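To keep things clear, I will list the structure first and then write my remarks on it.
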Amino acid sequence: MDADMTTIQLLVNRQADAEAFSELLPSDYEIRNNPEIRDADLYLIEAHLLSEYETALRDRIDEAHPLFCPVIVVQGPDTRSPPFLTVDSETELSVVDDILQAPVTQQRLRKRVESLLQRREQSEEMHEQLLELERMNQQRERIASVLAHDLRNPLQAADGRANILQRENTDDVLEGDIEALVQAIERIDNLTEDMALLLQSDTPENKQTEIRFEKLVRDAWKTTSGAEDGATLETDGLDEMTVYGVRDRLLRVFENLFRNAIVHGGTPITI
């Protein structure tokens, strides 16, 4: 059997009825007529058998979740107000997705079957998309972990060696190279942390909020220690300004901007 073939299970009493339904359905479907519920893409059951198969059908629907598992009930021409049409959602009707009144025509049966199978296909596509999103999120978490932890260790070791060279070096020729090395390591460290935050940007602690801009800028200035380097900060006109974003990430943006201005702008400098 082709694994991709659509399977319909018939739950009917008479072999003649099973053969009649099989002739009405498209030939590219696999039609099964078994007394026990088995895996299938759609179930077609006679109304008088619904109470007998209700539990098994419900179990099958639960097992298939989140995939849509359609059930069509065929109601005989002489059936009058059968119980399953008037009960609440906790009984037989809750497993039924469509009801056909006999006699059933080929056009009507195929239209109902194709419509339900299309819904099942859509549920399969959505399920695959959700699985792919979950895989991508897991990959993002692994990358964020590498950036936040595994890459940080060699960076710290390199930074430590550069600081030792900076303290002990007496050769003026190497002084500029060592300073450039320290700045490069610091820049890589900042980028690593920024990337880790970006990969985690959809977590609850990184949701966007309204932020008082002046306070954000002053908080970044405090952690930069710009005043100790002979730099000053002016925030005229910012007291009423608000921005919308992720506070921790914006804080790092301004910390980096202030450090760059102090390092490369010379002193005294006003920002």
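The values are calculated or read from the model by the stated rules, or taken from the named source; none is laboratory data. Everything numeric here is computed off the predicted structure, so don't read it as measured data. Here the Cβ positions follow ideal geometry from the backbone for every residue, glycine too, while neighbour counts run over all protein chains shown.
Name the pairs: first residue in segment 81-108 and loosely packed, with under 12 Cβ neighbours inside 10 Å, second residue at pLDDT below 90, Cβ to Cβ under 9 Å, at least 6 apart or on different chains? Close Cβ pairs satisfying both conditions: Thr86/Leu93; Asp88/Ser94; Pro103/Pro77.
Quick test for you: out of Glu134, Glu128, Glu121, Glu175, pick the one residue that is modelled with pLDDT of 75 or more, out of contact with any Gly (no Cβ under 6 Å at 6 or more places or on another chain) and surrounded by 12 or more Cβ atoms within 10 Å (Cβ to Cβ). Only one candidate passes the filter, namely Glu121. The strands (runs of 3 or more DSSP E) falling completely within segment 1-69 that include 2 or more residues that are in contact with a Phe, Trp or Tyr (Cβ under 8 Å, 6 or more places away or on another chain) and surrounded by 12 or more Cβ atoms within 10 Å (Cβ to Cβ) map to 7-11, 42-46. Sub-7 Å Cβ pairs linking a first residue in segment 48-73 that is in the same structural domain as Glu114 (by TED's automatic domain parsing) and at negative phi to a second residue that is part of a helix (DSSP H, G or I) and among the aromatic types (Phe, Trp, Tyr), at least 6 apart or interchain, are Leu50/Phe84, ordered by first then second residue.
Candidates in segment 227-271 are the residues that are more than 42 Å from the chain's Cα centre (by Cα), of a type in the set (Asp, Glu) and assigned to a loop (DSSP other than H, G, I, E, B); of these, the one that is surrounded by the most Cβ atoms within 10 Å (Cβ to Cβ) is Glu234.
Residues that are surrounded by 14 or more Cβ atoms within 10 Å (Cβ to Cβ), over 26 Å from Val263 (Cβ atoms) and either modelled with pLDDT under 85 or of a type in the set (S, T, N, Q) (or both) within segment 202-226 comprise just one, Asn206.
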